[in-house]
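Read through the structure below, which is laid out as structure tokens, and then see the notes.
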Amino acid sequence: MPKTVTQSKAMKKPIKHVPFLLLLSFLPSILKISTAIDIINTTQILRDGDTLVSSGGRFELGFFSPGNSNNRYVGIWYQKIPNSTAVWVANREIPVRSSSGILKVMEPGILVVLNDTNNIIWSSNTSRVARTPVLQLLDTGNLVLREANDDRPDNFLWQSFDYLSDTSLPDMSIGWNFVTGVESYLSSWKTNDDPARGDFTFWLDPTGYPQQVIKRGTTTLYRIGPWNGLAFSGQTNSAQDMNFRYVFFMKKDKAYHRLEAIDNSIISRIILTQAGTVQRWTWVDRIHDWIPYVNFPADNCDTYKLCGAYGSCNIANTPACGCLNKFVPKDPEGWIRSDWSNGCSRRTPLNCLKGDVFLKYSGIKLPDSRNSMYNQSMTLGECKVECLKNCSCMAYAQLDIKEGSGCLFWYEDLIDMRDLSSQGQDIYIRMASSEFGSCTETHNKDYELPMFRASTILKATNNFSVNKKLGQGGYGPVYKGTLEDGQDVAVKRLSKTSMQGLDEFKNEVICIAKLQHRNLVKLLGCCIEGEEKMLIYEYMPNKSLDLILFDQTRSALLDWPKRRQIVNGVARGLLYIHQDSRMRIIHRDLKASNILLDTDMNPKISDFGIARSFGGNETEDKTSKVVGTYSYMAPEYAVHGRFSQKSDVFSFGVLVLEIVIGKRNSGFCHGDQHLNLLGHAWTLYKEERSLELVDAYLCETTNLFEVLRLIHVGLLCVQQCPDDRPSMASVVAMLGNDAALPQANQPGFFAGRDVSIAPYCDFVPFAIVESISKPYTYLEKLEANVD
Ligand SMILES: *[C@@H]1O[C@H](CO)[C@@H](O)[C@H](O)[C@H]1NC(C)=O
């Protein structure tokens, strides 16, 4: 709410002129002026009720009472706007408690406010001296004290624009004069009735490369990132408009930013509210009211260092915090509780002596530049060389993206970033050189994938007709298409707005293009044209397994031989990606909806958007982050973020039990027991009553021995301790012979959503240790390219 100003209850009187300085407040006025004036000298006083009006009539200066207060303050407001809005207050800490206050200029050039007992309660504290000082209210809203015959701004003795209240006007600077030591910053009002300094300040932090900061006391609440030549990093485009531009000035003697009016007829002001937010209000004559134009903070992601070090906030995600690509939460359990304050760390520690590299992250609000260093002339290539030289240089970015020059260097952990897509910037972050080995980076030129023209796909899908939509994949819709030669295809279309989708898209292209197996869905090609990015797969007429398996009527299509065939096929596909393929991949999201079925109900594993490779000859200690769907997720992963092929085996075990039993693990409930499907199957298994699980489709084609064996294999796969679970090679062997099976131990997550883990299960020897940031739906964020 804009503050309002109540004029003196008395009629507005013109300025009184007095002949003699010392006694003036007791003397009657002897000169009267009938027209508004904007200037007074030492022979004149301004009484409560008198006002100065700037020459263009925009601003007025006088005594006023804020809100419901009866206290009187000297302030400046818009002359023509009713219920006027105080943009500046002189004696904001000490009011005049009656209507007999006086404002006057004293020799040799001091502006004072006197109360009714004629005591000075406020003064301009000017140190410079003038022969004939005058006070003038300029049409910018600046109240200046100057030599009568010298109106050059550089020679002002004092100006209100250096001593801000809670309002910044066009042409008013917020920042520093390093020579005089004067700092201009906004400070909030205490209340609508009291303009005294409140809790909040909005200032230019000059430590490191300057950035704008909102503080409560000494605590930083919000930060608008460093100036990048066009805007402050993190300031959205909406902050710029046709009528105003932000200006940033940075030299040895001064650093400031300010709003400049392009169209002077527009009335606009920036205020720091009593709630500690920065708002820009614009006066709209047509509706005769102020409207807020820009607000900062814009959303929760502007909360200072919400996601901790190397975390990045994306308001489109739930939860909004995630780790930058190749970073993992320091405290995974904290992340599960939505406590992100411990942030993230590199999944592979730096090794400066062995040689680090820089990875480019795009679309970022640059991190806190408080202790940054900068160079205004270097090129980006020189920035890299410079940053590489010093092992404590953690990241660099281009300083001025408008000119394409300069560098900004960070020497500490990077904090307070957010994912802003197209409105963000590139930053290059130091990374261990071994980070080049993962699935995404093996995107070398020699892989050959047919490219489709966008026009071909548009035609094949009837311009992405709604009727052709098959469903929604991880990062965009999937359509059915028919190519000109009659071949049916499935087209996965990347949503244009999806940043993490782009990462997954690339990952899928690279991973799956190299995989060839009859139990993996076949990628026929891709299409990358401008904004449009699509993957083209062979079409699976029976769609995904979950649509049949968990459908009461359609599940009848899956007799026992078909179920067996599906289990065997998935097992072989998984064995291939774990062990036999050149890349050795962990799928990370194996589930019924990611198993597609061809005309003969042959299963094909799909959706490699979040799969990770760990290289053919590498040991298992170098895999990476995991994602999953809760009901398929191994407990060591969900709780501790530890991940391996054995967590894929766990998901496979859940899938096997679902296929055999015909029910979902998630949402399963049985009687009044708090057991999920795994717990229920294990309970019956222990009592040798497993056949009770499967009565629905039992008939003469069913091989009861096989049914029992598959349940047993499923339970072996979902055992709580990863080391107890068989590898996929053993699983395929178990499915292919009748040899005796070991006893299954208690499954993980057997009682509903209880994620506790039995203490006897020691995960330490287990080689692949990797943390997750979002256990249920973690998706890698932020495009990371090798620079
Ligand atoms: C690295 O940079 C930091 C920050 O500028 C500096 O304090 C430190 O001395 C530098 N180290 C080396 C080895 O140059």
For this session: Could you check the simple spin-label distance between Arg453 and Thr219, using points 7 Å along Cα→Cβ, in nm with one decimal?
Result: 6.1
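Which order do Tyr73, Tyr185 take when ranked by solvent-accessible area (1.4 Å probe, heavy atoms of all protein chains), largest first? Mind dumping the intermediate values first?
Details: Tyr73 5, Tyr185 70 Å².
Largest accessible area first, the list is Tyr185, Tyr73.
Taking 10 °C and 1.306 mPa s as the conditions, I'd like the Stokes-Einstein D for region 51-94 in µm²/s, using the Kirkwood hydrodynamic radius from alpha carbon pairs. The partial results should precede the final answer.
Details: Rh = 10.6 Å.
After rounding, the answer is 149 µm²/s.
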Problem set entry | Share of carbon and sulfur in the accessible heavy-atom surface of region 344-439 [1.4 Å probe, %] | 50
Exercise. So if R0 is 51 Å, what FRET efficiency would Gln376 and Asp289 give, r being the distance between their Cβ atoms, rounded to the nearest 0.05?
Worked result: 0.75
For this session: Could you calculate the contour length gain from Arg152 to Met242, that is, 0.36 nm times the residue separation minus the distance between their Cα atoms, to one decimal place in nm?
Result: 29.5 nm
Seminar exercise, completed: Order by accessible surface, 1.4 Å probe, largest leading, for residues Trp176, Trp189, Trp227 comes to Trp176, Trp227, Trp189
Problem set entry | Rounded FRET efficiency, nearest 0.05, which uses the C-beta distance separating Lys686 from Ser555 and R0 of 25 Å | 0.40
For this session: Quick one: order Met378, Met633 from most to least accessible surface, probe 1.4 Å.
Result: Met378, Met633
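Report, in listed order, any pair from Lys365/Lys459; Lys326/Lys562; Lys354/Lys522; Lys252/Lys354; Lys326/Lys533; Lys389/Lys533 with a Cα-Cα distance greater than 30 Å.
Numbers: Lys365/Lys459 39 Å; Lys326/Lys562 41 Å; Lys354/Lys522 40 Å; Lys252/Lys354 38 Å; Lys326/Lys533 24 Å; Lys389/Lys533 38 Å.
Correct reply: Lys365/Lys459; Lys326/Lys562; Lys354/Lys522; Lys252/Lys354; Lys389/Lys533.
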Exercise. Hey, any idea what % of region 198-292's accessible area is carbon plus sulfur with a 1.4 Å probe?
Worked result: 52
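Using 1/(1 + (r/R0)^6) with R0 = 30 angstrom and r between the beta carbons of Gln487 and Ser727, what's the FRET efficiency to the nearest 0.05? Write down the numbers at each step before the final one.
Working: r = 37 Å, r/R0 = 1.23.
With R0 = 30 Å, the Cβ-Cβ based efficiency is 0.25.
Filter the trypsin sites (Lys or Arg not before Pro) in region 264-298 down to the DSSP loop ones having no more than 14 other Cβ atoms within 10 Å, then list what survives.
Filter output for region 264-298: Arg286.
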Problem set entry | Asp559 - accessible surface, heavy atoms, 1.4 Å probe, Å² rounded to 10 | 60
For this session: Just the Kirkwood number for region 302-435, please: inverse of mean 1/r across all distinct Cα pairs, in Å, one decimal.
Result: 15.1
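Give, to the nearest whole percent, the P(r) tail of region 142-263 beyond 23 angstrom, counting all Cα pairs. Kindly include the intermediate steps, with their values, before the conclusion.
Working: 2634 of 7381 pairs.
For region 142-263, the fraction of Cα-Cα distances above 23 Å is 36 percent.
Contour minus end-to-end for Ala196 and Ala36, with contour as 0.36 nm per residue of separation and end-to-end as the Cα-Cα distance? Before the final figure, lay out each step's value.
Values: separation 160, 0.36 × 160 = 57.60 nm, distance 2.92 nm.
Result for the pair: 54.7 nm of gain on full extension.
The values are calculated or read from the model by the stated rules, or taken from the named source; none is laboratory data. Here the structure is a predicted model, which is why all the values come from computation and not from measurement. Because the Cβ atoms are built from the backbone with ideal geometry, glycine has one as well, and the counts that use them run over all protein chains shown. For the accessible areas, the whole protein counts, side chains as well, though only heavy atoms, and no ligand, DNA or RNA atoms are used. Shrake-Rupley method; radii C 1.70, N 1.55, O 1.52, S 1.80 Å.
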